[in-house]
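Peer 1: The structure under discussion is supplied below as structure tokens; questions concerning it will follow.
No value in this document is a laboratory result; all are computed from the given coordinates. It should be emphasised that the depicted structure is a prediction, and the values quoted were computed from it without experimental measurement. Cβ placement follows ideal geometry from the backbone for every residue including glycine, while neighbour counts extend to all protein chains displayed.
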Amino acid sequence: MTDTPHFKRVALIGIGLINSSIARVMRRDGLADSIVACARQKETRDTALSLGIVDAVTDDPAEAVTGADLIVLGVPVGACGAVAEAMAPGLEKGAIVTDVGSVKRAVVNDVLPHLKEGVHFVPGHPIAGTEHSGPAAGFAELFRGRWCILTPLAATPPEATEKVMAFWRKAGSMVEVMDVEHHDRVLAITSHLPHLIAYTIVGTVDDLSTATKSEVIRYSASGFRDFTRIAASDPVMWRDVFLNNREAVLEMLGRFSEDLTALQRAIRWGEGDKLEALFNRTRAIRRSIIEAKQA
Ligand code: NAP
């Protein structure tokens, strides 16, 4: 197994929170001879360059991937297909393409048709992030102590998966390999549904009268504040997550709605024992997250 992977040229397609954090890890640990970033907006490219985390920038995906032995797609999930199509002419045999998208089935379906034979695809998803976006928001320690899930395909050579795995280990992550569909179901409940709930609660508050809203903001430390952090996450990224993991999210949402209705009923009928039993169960889950050092 490769302990310290080395790449000749790394092409980061999109240079936001996640890919700029990857660039910082690569720089810190000297994992690449050169790093090139690709972004549509001049401002994004200028910021990436001025931060000193990449050697070159371009707005042309095909130019970015030319000569690259590692390509990391770090754009919103819904943009991965178009970006893969645009970079395809520059891809070289033996290159490894990976991504960091929060949904895996849709990304695989959209990207795979554009990869020529001999280009190896290792879909991935670091379970790490913040509510901030853009190249200035990244930091090398983002992935330390966090999980990274890889969902290699039947045709992915094990050496390609191992090289990507070795990168994530250098970044401080624990790596898990799982099936594409399983990833999407697990993330629907652990990440996508909580975001949907946060967006809903904060949206509900926004619809209240101005007087009530100002009180909510004043007393937000009583619980609301924690939801606002999640609900401040990037709107485009999250739009794409819900549209691209539709089935798994709708399934989990259905279960959640049933449980919410049961809770509503327990409150209406004064069934304190039911409420207390649930709250004891949920408290135990929090304890296990702390014990797993994921708090
Ligand atoms: P980000 O900070 O918003 O950066 C997105 C990057 O993609 C920017 O460089 C942006 O630059 C470019 N971009 C945006 N729309 C594009 C489009 N339609 N076509 C081509 N390029 C586009 O995003 P991020 O938080 O790093 O997220 C990137 C990926 O990581 C997403 O797929 C997300 O699901 C996944 N992810 C995010 C988190 C998180 O907490 N943020 C955690 C794990 C995984 P220009 O606008 O200049 O092109």
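Peer 1: Where does the chain land at 222 nm, in deg cm²/dmol rounded to the nearest 500, when only DSSP H runs of n ≥ 4 count, each adding -39500 (n - 2.57), divided by all residues?
Peer 2: Values: 13 runs with 148 residues, N = 295.
Calculated from helices alone, the mean residue ellipticity at 222 nm is -15500 deg cm²/dmol.
Peer 1: Continuing with this model, one more query. For the chain, take the longest principal axis of its alpha carbons; what is the angle in degrees between that and the long axis of helix 272-291, to the nearest 10 within 0 to 90?
Peer 2: 30 degrees
Peer 1: Another question, then. Please build a GNM for the chain, connecting alpha carbons under 10 Å apart, and tell me which residue among Ala82, Ala277, Ala188 fluctuates the most.
Peer 2: Result for the chain, Cα springs under 10 Å: Ala277 fluctuates most.
Peer 1: Hey, what do the phi angles of the range 209-219 turn into as Karplus ³J(HN,Hα) couplings, whole Hz, using 6.51/-1.76/1.60 and θ = phi - 60°, x for Gly and Pro?
Peer 2: With the stated coefficients, the range 209-219 comes to 5, 4, 5, 5, 4, 5, 5, 4, 5, 4, 9 Hz.
Peer 1: To continue, here is another question. Rounded to the nearest 0.05, what FRET efficiency do Asp259 and Thr190 have when you use their Cβ-Cβ distance and R0 = 22 Å?
Peer 2: 0.90
Peer 1: Which of Trp238, Trp269, Trp147, Trp168 has the fewest other C-beta atoms within 10 Å, and how do the rest follow up to the most? It would help to have the intermediate numbers written out before the result.
Peer 2: Working: Trp238 20, Trp269 9, Trp147 16, Trp168 23.
In increasing order of surrounding Cβ atoms, one gets Trp269, Trp147, Trp238, Trp168.
Peer 1: Cross-link candidates for Lys104: which lysines have Cα within less than 22 Å, leaving aside residues fewer than 8 places away along the same chain?
Peer 2: In chain and number order, the partners are Lys116, Lys163.
Peer 1: Would you kindly state how much longer the chain becomes between Ala154 and Ile289 on full extension, computed as 0.36 nm times their sequence separation minus their alpha carbon distance, in nm to one decimal? Could the numbers behind the result be given before it?
Peer 2: Working: separation 135, 0.36 × 135 = 48.60 nm, distance 3.23 nm.
Extending this stretch completely gives an extra 45.4 nm.
Peer 1: If you stretched the chain out fully between Glu181 and Ser220, how much longer would it get, using 0.36 nm times the residue separation minus the C-alpha to C-alpha distance? Please list the in-between numbers first.
Peer 2: On the way: separation 39, 0.36 × 39 = 14.04 nm, distance 3.72 nm.
Roughly 10.3 nm would be gained on extension.
Peer 1: If packing is taken as the average count of other Cβ atoms within 10 Å, what order do 192-205, 88-101 fall into, highest mean first? It would help to have the intermediate numbers written out before the result.
Peer 2: Working: 192-205: 16.3, 88-101: 20.4.
The densest-packed peptide leads the list: 88-101, 192-205.
Peer 1: Pull out a ≥ b ≥ c, the square roots of the eigenvalues of the alpha-carbon gyration tensor of the range 7-178, then state rounded if a/c is under 1.5, prolate if not and a/b is larger than b/c, and oblate in the remaining case. Working shown, then result.
Peer 2: Working: a/c = 1.38, a/b = 1.09, b/c = 1.26.
The shape class here is rounded.
Peer 1: Based on the Cβ-Cβ distance of Asp33 and Asp206, what FRET efficiency does E = 1/(1 + (r/R0)^6) give at R0 = 35 Å, to the nearest 0.05? Can you show the working numbers first?
Peer 2: Details: r = 49 Å, r/R0 = 1.40.
Working from the Cβ atoms, E equals 0.10.
Peer 1: Which order do the peptides 157-167, 226-236, 69-79 come out in when sorted by mean C-beta neighbours inside 10 angstrom, highest first? Before the final figure, lay out the partial values.
Peer 2: On the way: 157-167: 19.0, 226-236: 15.7, 69-79: 23.9.
The peptides rank, most packed first, as 69-79, 157-167, 226-236.
Peer 1: Right, here's the next one. If each of Glu251 and Glu271 carries a label point 7 Å out from its Cα toward its Cβ, how far apart are those two points in nm?
Peer 2: The answer from the label model is 2.6 nm.
Peer 1: Need the list of lysines near Lys170 for cross-linking: C-alpha distance under 18 angstrom, and skip anything on the same chain fewer than eight residues off.
Peer 2: Within the straight-line cut-off, Lys170 pairs with Lys8.
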